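Each reported figure results from applying straightforward, stated rules to the coordinates on display, with no laboratory input. Every value quoted in this text rests on a predicted model; they were computed, and no experiment measured them. Cβ placement follows ideal geometry from the backbone for every residue including glycine, while neighbour counts extend to all protein chains displayed.
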């Protein structure tokens, strides 16, 4: 299969070709590798690939059917996993950090087993900022990941490698994680669809019960809504010992995409809680989205959304939760590799977060969990009266490389988390509440052509509602035909 043909299909479409015998998984993988070779030197989105014929078997104690390939809607499709959060037996997972350089997984994580069962052909890992601790992917270990729409700009983070690889056509869908917007921000920056699932929808097991006290979740970024729905169907569901439970949906998410969402009551939050003003281009994109929603029969009104706590208290609680967790992870890695915890192994923002986290007391940590609870309860009350909340995913267009990390060495752990929330003030509330939220590439900036994601959030466990709405928006104003400047299907060689 030629790359120009390969990039014209989404994941479900490629799997259909495999099922019909029109192409083999080997041919698809060859096309994906050729696409990676064409674009990755310009993007630095993929940090490692490996030969699939040398792919380790799933660990023996991981379930009797763990090695079987599914004949389902994604079987045979090339796939990439993020360099954090998912363990693949015998493969490196270095967390984008010099401290973890050379770390090799001893066994498959629960998610990796489900990806294997789905029949996905995982042949590499994508870039992440150090410890996924940034909203731009510029780690010292592997260097910056560039945005395929404009290589001088950030691809977002922390799933920036995944976002750039999918947007450039290397794979139609890739694994991503989200603890503060890490999936939705790259989706917005790269013109992709990305849905952050409900807390407890996808297992973090078996080596972790939760990550960042439930703030982090597994998901994906993709070029079509149905691909994300199909993947979530294959990876959702609890594992024994999981601390959270999200009720199983009444029907597969893949079926929701083509169902009419009905007339939804949608509240709009044009300005974020923390005071960061939405820029003119993003505000214009939001207005166009509102008009599209109204034309589809939805009731759209500006909303006031109470977080349940003040912004400074919200940021402080997040800083305490995230840095305390970070400190524990850093100590574990330093002990495992017998490496120092200093500037030779950690970047300034991560090191500052580590030191801040060491000072978080037990009482402060418990108080931060209480803030998490108040935010979750307050947002739940909003969804008692509204079906969906619409916000910009981020208040500005993609930032230049280097802009976000400038002056990081002068910030303490709280200052870095404050910067994260200031530059992405719309996303983290839904990590704290555990409710699903998605970034949809409904529109692009008229002046620059850069993609501008819009965020839609719903109540706990209501991913089906979001998939129905996303499917309707995709049908009304398709985006999959938009391609960036760096595109694997570009026959001109530019």
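Descriptive notes on the structure:
- Identity of the residue in the stretch 100-142, part of a helix (DSSP H, G or I) and at positive phi, that ends up surrounded by the most Cβ atoms within 10 Å (Cβ to Cβ): 132
- Meets criteria (out of contact with any helix residue (DSSP H, G or I) (no Cβ under 7 Å at 6 or more places or on another chain), buried (at least 24 other Cβ atoms within 10 Å of the Cβ) and assigned to a strand (DSSP E or B)) for residue 219: yes
- Applying a threshold of 8 Å to beta carbon distances and a minimum spacing of six or more residues, or different chains, the list of pairs starting in the stretch 25-48 at a residue that is in contact (Cβ under 8 Å) with a residue 60 or more places away in the chain and ending at one that is assigned to a helix (DSSP H, G or I) and surrounded by fewer than 19 Cβ atoms within 10 Å (Cβ to Cβ) reads 29/52.
- Scanning the stretch 436-479 for residues that are in a loop (DSSP other than H, G, I, E, B), within 23 Å of residue 295 (Cα to Cα) and touching a helix residue (DSSP H, G or I) at 6+ places or on another chain (Cβ under 8 Å) returns 445, 446, 458, 477.
- Of all residues in the stretch 405-420, at least one satisfies being more than 30 Å from residue 474 (Cβ to Cβ), in a loop (DSSP other than H, G, I, E, B) and under 22 Å from the mean Cα position of the chain (by Cα).
- Given (1) buried (at least 24 other Cβ atoms within 10 Å of the Cβ); (2) assigned to a helix (DSSP H, G or I), number of the condition residue 233 does not satisfy: (1)
- Count of the stretch 289-302 residues which are surrounded by fewer than 17 Cβ atoms within 10 Å (Cβ to Cβ) and either without any contact (Cβ under 8 Å) to a residue 12 or more places away in the chain or part of a helix (DSSP H, G or I) (or both): 3
- Condition check for residue 470: closer than 26 Å to residue 148 by Cβ, buried (at least 24 other Cβ atoms within 10 Å of the Cβ) and over 17 Å from the mean Cα position of the chain (by Cα): no
- Evaluated against (1) surrounded by fewer than 21 Cβ atoms within 10 Å (Cβ to Cβ); (2) touching a strand residue (DSSP E or B) at 6+ places or on another chain (Cβ under 6 Å); (3) touching a residue at least 60 places away in the same chain (Cβ under 8 Å), residue 305 falls short on exactly one condition, (2).
- Residues (outside any helix (DSSP H, G or I) and in contact (Cβ under 8 Å) with a residue 40 or more places away in the chain) located in the stretch 1-18: 7, 8, 9, 10
- Count of residues meeting criterion [touching a strand residue (DSSP E or B) at 6+ places or on another chain (Cβ under 9 Å), in a loop (DSSP other than H, G, I, E, B) and surrounded by 22 or more Cβ atoms within 10 Å (Cβ to Cβ)] in the stretch 368-396: 2
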